[in-house]
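See structure below.
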Amino acid sequence: MKHQPPKLARKIFEWYCGHARVDDLLGDIDELFFLNLKNKPAFVSKWIYWKQICSLLFSYAVKRRKNQAQVSAFASSSFSPAMVNSYFKIAARNLYKHRYFSVVNVLGLAVGMSVSLLLIVLYLHVCTYDTFHVNKSEIHRVITTHSNNKGEWQLAAAPFSIADDLEHGFAGVKRIVRIRTGFNADVVASSLDLPMRGLYTDPAYFEVFTFPMISGNPSTALSKPNSVVITESTAKKIFNSADVLGKTFELKNVKRTRDTVAIYEITGVMADPPPNSHMAFEVLVSLSTLQAEQQTYTGDFKNVRSYGNQYVYVLLDDNLVLPKLQARLDELSEASGKRAEAKIKFHLQALADIVPGVDLSSLGGSLGPEWANEGFIVFGVICLMILLPACFNYTNISIARALKRSKEIGLRKTMGGLRNQIFFQFITETILITSVSVLVGLVMFYFVRQEFRDMMISGNALDESMFVNGSALDLSLTWPMAFAFVVFALFTGLVAGFVPALYFAGLSPIQALRNQTHKHSSQGRIRKGLTVFQFALSFCFIIGLIVFSRQYSYNLNYDFGFQRENILNVTLQGVNPEQFRNQFSQLASVQNMSMSSHVLGVSTGVQSAASIDSGDSSDVHQIFADHNYIDVVKLELLTGKNFPNEIWQGEKYMIVNEEFVKRFKLGTPYDALGKLFRIENKELEIIGVLKNFNYRSLRKPIEAFMIRTDPNQYQLANLSVGITDSYKSLSQMENAWKVIEPDKKFEAGFFDDKIRDSYGFYKTFLKLVGYLGILAISISLLGLLGMVVYTSETRTKEVGIRKVMGATTGSITLLLSKDYLTLLMWAAVFAIPVTVWLAGMIFPALQAYHVTLNFWDVLISLAILLTMGLATIVSQTFKTASTNPAETLRTD
């Protein structure tokens with residue numbers, strides 16, 4: 001016949017139907033095609049044929065026949081308990097039978113899961129913050145967004161003027177609490193001065209927050225000036241008893257104002273704040289203790305630091321009032337923004353959203369532990385980077401071993417096994433492995449938990465909110481955490497086992513029984529891709545460890561621009577500076593001496609400075625120091641003179657750096673001399689300009705800086721020493737200290753050590769990167785080891801034949817190893833540009849003064865990667881290549 005049905009449409013239909021019996025359907029549509037040709041044009045008949053084929057492709061009839069073709073007449077789609085029990089038995093037997101691969105899979109998954117267990121425990125602990133408050137759902141904090149031409153600040157603080165406004169009868173607000181940070185003092189107890197930290201707050205504090213009171217009236221405890229509520233542990237530390245209600249005690253150096261002494265009355269004793277509270281304190285002081293102007297806010301909002309230590313909390317009748325309250329805050333925001341000539345926005349933040357929550361600045365001091373969501377996101381990404389390669393290992397090894405499992409699958413399908421039953425069997429096997437892995441990972445978790453906790457506590461993090469006081473970090477296990485571990489094991493089992501289970505369930509019985517599962521190369525490409533990804537990740541960790549080690553060494557040996565060696569910093573602890581100077585100047589080991597408020601190169605204060613000539617103002621970093629300071633630390637004075645050596649009668653002068661001159665556009669350093677600036681309502685004259693130096697951490701660039709004089713601000717004595725006998729010299733200093741302050745311990749540390757300690761973050765980070773690197777490399781090597789062992793096992797007969805034909809052990813070792821060495825090289829090829837890009841992005845953001853990635857870093861990292869990979873590969877391939885061919889070929 002001249003016209004025939006479209007061959008392409010027929011072939012597509014046959015390919016789609018596979019082994020399903022559809023001859024009757026094809027016959028029917030062929031018959032319809034020829035009937036249409038009698039009364040319709042050929043192209044119309046072919047078009048109708050295509051439509052009928054497409055209709056059948058999506059028909060239930062074809063789908064049902066395809067499903068029937070996959071199983072025999074003995075198949076059953078029901079899941080019985082006996083069948084599930086059988087799956088677990090088969091899985092256990094397979095794990096035991098192939099013990100080597102089971103151990104490799106369990107160890108790889110356990111190593112990957114151990115880090116994730118840390119994240120789960122940490123996050124679940126943080127999610128319990130502030131849940132103990134009875135009114136937790138109705139408590140909100142007012143936070144601030146402040147934007148101007150200098151930048152944008154997201155503040156946890158808000159000015160007290162908001163509380164003053166809402167207190168005037170705003171409907172729906174039950175209570176308002178103001179909190180001010182910054183209470184620091186030394187309590188005099190048993191001839192000892194003990195440091196005490198706390199908060200200033202309103203009498204309504206205990207009506208809003210649920211902190212149990214052991215003794216005292218919560219409603220009136222903070223109503224009078226100089227009244228305090230102390231925690232139970234603080235009472236026992238000071239008085240050796242918690243029964244201290246009504247007692248008075250003396251506080252010195254209140255708010256670090258030297259020689260300030262005040263008497264406070266204990267009007268309440270409360271239980272210690274729980275570890276999961278976002279407020280940490282030893283004492284609560286009545287807000288009325290402060291001067292009247294400090295109990296409110298009357299500023300113009302231009303300087304964000306002017307209210308950076310003020311916090312406002314509201315307790316609502318119910319959350320229905322939130323829209324009206326936010327509308328009122330918007331009105332206050334607009335009025336404040338106009339006064340500040342900036343964009344200011346006040347928001348409400350629910351108590352449950354504080355921890356964990358958005359990353360907010362605490363310019364005037366934090367209330368307690370802060371855990372930002374961003375930190376958990378980074379931690380989660382790191383966990384995925386460790387866990388996913390472990391799952392890839394399992395996928396790799398499982399698919400590679402498909403040849404040995406194919407006959408089992410083919411037989412099961414021939415006897416009636418359904419696709420979903422095969423899938424469920426292999427998922428069960430994977431979940432069993434991950435359950436064992438999570439137990440092994442739990443053992444690893446116990447070993448690393450304390451070290452992880454110490455790192456979190458002691459380090460200075462990039463995100464400092466992630467590092468808190470030890471009492472606030474509880475990593476002990478609870479029942480909810482145990483349940484989370486079970487869910488995590490199931491989830492990991494699904495992730496790791498989904499691809500292998502789907503692959504095995506999709507095998508054709510005929511192909512499986514003929515061992516044709518590796519006919520196509522797509523599985524091989526997937527395995528190779530996963531291996532390359534694992535070792536690329538390992539390479540990134542290796543190079544990261546090397547570069548961060550260089551960065552740490554760079555920081556310690558960096559020239560800050562001042563003298564660090566042979567300077568001993570002694571903490572004054574409230575001692576009169578002149579009294580200290582007179583006593584210690586008599587020691588032979590003390591060559592020179594100065595006084596200062598901060599440790600240069602570690603920390604500074606910040607104060608707003610305004611030019612009297614131009615009116616320009618800006619925040620400026622500052623320290624307070626005396627006339628000897630520049631000589632002691634060897635700062636270079638470009639022009640002008642030092643502070644005069646005279647009896648201090650008030651601030652008159654300041655010395656600035658070159659950046660200060662540039663910031664205020666004062667011309668040359670010489671032109672800056674004599675310029676007047678208003679600072680804290682004082683007019684100070686520039687009498688000298690210093691060459692730029694790193695007055696703070698190398699993580700920050702050099703900015704405007706000034707040195708001022710005020711003996712009331714001195715916290716440290718800087719002793720230039722020439723010590724030959726350290727023990728004798730320090731003993732003499734301790735004796736001299738006891739003469740002027742017998743009740744306090746002599747506290748001193750070398751300048752260089754202080755700076756070294758300030759970069760302890762890098763030691764912590766090196767530990768973290770090293771630990772994660774070891775995990776990533778271990779997982780990659782375990783996966784590689786499993787693949788090499790399997791390849792060696794499947795090629796033993798080939799190796800035997802090659803040896804009989806004269807191949808040497810070396811040539812066979814190379815033959816078995818070259819494919820894996822190629823994968824390692826590809827991993828390096830992909831990882832090197834990625835690492836270079838990441839280094840160029842991370843290091844400038846991490847630190848202003850930093851090392852750069854160089855050729856030797858890459859070369860050393862590559863050598864380490866190849867050495868470890870080669871050792872793993874050769875350890876198995878050489879063993880296989882050395883096998884006596886008589887042993888491998890005796891059965892053939």
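The values are calculated or read from the model by the stated rules, or taken from the named source; none is laboratory data. It should be emphasised that the depicted structure is a prediction, and the values quoted were computed from it without experimental measurement. Cβ placement follows ideal geometry from the backbone for every residue including glycine, while neighbour counts extend to all protein chains displayed. Ligands, DNA and RNA are stripped out before the accessible areas are found, and what is left, the full protein with its side chains, is counted by its heavy atoms. Shrake-Rupley method; radii C 1.70, N 1.55, O 1.52, S 1.80 Å.
For segment 138-226, applying the loop criterion from DSSP together with a ceiling of 15 other beta carbons within 10 Å to the trypsin sites (Lys or Arg not before Pro) yields LYS150. Total lysine pairs in segment 762-890 at Cα distances under 23 Å, for residues eight or more apart or on different chains: 5. Close amide H pairs (under 5 Å, H built 1.01 Å from N) link ASP710 with ALA625, residues at least 5 positions away or on another chain.
For the chain, the per residue solvent-accessible surface stands at 47 Å², with DNA, RNA and ligands left out and a 1.4 Å probe. When the inverse distances between all different Cα atoms of the chain are averaged and flipped, the Kirkwood radius reads 33.9 angstrom. The alpha-carbon of LYS11 sits under 15 angstrom from the alpha-carbons of these aspartates and glutamates, leaving out residues fewer than 8 places away in its chain: ASP23, ASP30. If R0 is taken as 51 Å, the Cβ-Cβ distance between ARG419 and LEU846 corresponds to a FRET efficiency of 0.50. Placing R0 at 25 angstrom, the Cβ-Cβ distance between PHE58 and LEU502 gives a FRET efficiency of 0.65 after rounding to 0.05.
Helix-derived [θ] at 222 nm for the chain: sum -39500 (n - 2.57) over DSSP H runs of at least 4, divide by residue count, nearest 500?
-16500 deg cm²/dmol, from helical runs alone.
Summing +1 for each Lys or Arg and -1 for each Asp or Glu among the other residues whose beta-carbon sits under 12 angstrom from that of GLU334 gives +3. Highest mean packing comes first when the peptides 421-431, 813-823, 161-171 are listed by Cβ atoms within 10 Å, giving 421-431, 813-823, 161-171.
Under the definition of Cα pairs under 8 Å and six or more residues apart, what whole-number percent is the relative contact order of segment 791-892? Can you show the working numbers first?
Values: 58 pairs, mean separation 58.5, N = 102.
After rounding, I find 57 percent.
Spin-label model, LEU439 to THR571: label points 7 Å out along the Cα-to-beta-carbon direction sit 4.9 nm apart. How much length is gained if the chain between GLU293 and ASP752 is pulled fully straight, taking 0.36 nm per residue apart and subtracting their Cα-Cα distance, in nm to one decimal? Extra length from GLU293 to ASP752 when fully extended: 161.1 nm.
Anisotropy class assigned to segment 170-304 is oblate, per the alpha carbon gyration tensor with a/c at or over the 1.5 cut-off and a/b no larger than b/c.
Here the chain has 58 percent of its accessible surface on carbon and sulfur atoms, given a 1.4 Å probe and all protein chains in place. Residue-wise HN-Hα couplings along segment 854-864, as the Karplus relation 6.51 cos²θ - 1.76 cosθ + 1.60 with θ = phi - 60° gives them from phi, are 10, 4, 5, 4, 5, 5, 5, 4, 5, 5, 5 Hz; Gly and Pro carry x.
Say R0 is 25 Å: what FRET efficiency, to the nearest 0.05, do ASP631 and SER603 get from their beta-carbon distance?
The formula returns an efficiency of 0.70 here.
Calculate, in nm to one decimal, what ASN557 and LEU494 gain on full extension: separation in residues at 0.36 nm each, minus their alpha carbon distance. Full extension of this stretch gives 17.7 nm more. Taking a ≥ b ≥ c as the square roots of the eigenvalues of the Cα gyration tensor of segment 820-892, is the shape rounded (a/c under 1.5), prolate (a/b larger than b/c) or oblate? Note, shape of segment 820-892 comes out prolate. Annotation: amide H-H contacts under 5 Å for MET595 (H modelled 1.01 Å from N, sequence separation of 5 or more, or interchain): ASP626, ASN628, TYR629, ASN718.
Using C-alpha pairs below 8 Å separated by at least 6 residues, the relative contact order for the chain is 14 percent.
Inter-label distance, PHE132 to ALA335: 3.9 nm, where each label sits 7 Å from its Cα along the C-beta direction. Judged by the gyration tensor of its Cα atoms, with axes a ≥ b ≥ c, segment 104-189 is prolate; a/c meets the 1.5 cut and a/b is the larger of a/b and b/c. Straight-line cross-link reach from LYS634 at under 26 Å between alpha-carbon atoms covers these lysines, not counting any fewer than eight positions away in the same chain: LYS652, LYS662, LYS675, LYS691, LYS700, LYS754. Principal-axis analysis of the Cα atoms of the chain puts helix 23-39 at an angle of about 80° to the longest axis.
Of the trypsin sites (Lys or Arg not before Pro) found in segment 1-54, those that fall in a DSSP loop while having at most 13 other beta-carbon atoms within 10 Å are LYS2, ARG21. A cut-off of 5 Å between modelled amide H atoms, ignoring neighbours fewer than 5 places along the same chain, links SER608 with VAL620. Straight-line reach from LYS343: taking Cα to Cα under 25 Å and skipping same-chain neighbours fewer than 8 places apart, the lysines in range are LYS150, LYS302, LYS324. Inter-label distance, LEU730 to ARG93: 7.0 nm, where each label sits 7 Å from its Cα along the C-beta direction.
Given in Å, the Rg to one decimal and the Dmax to the nearest whole number for the Cα atoms of segment 523-578 are 24.3, 80.
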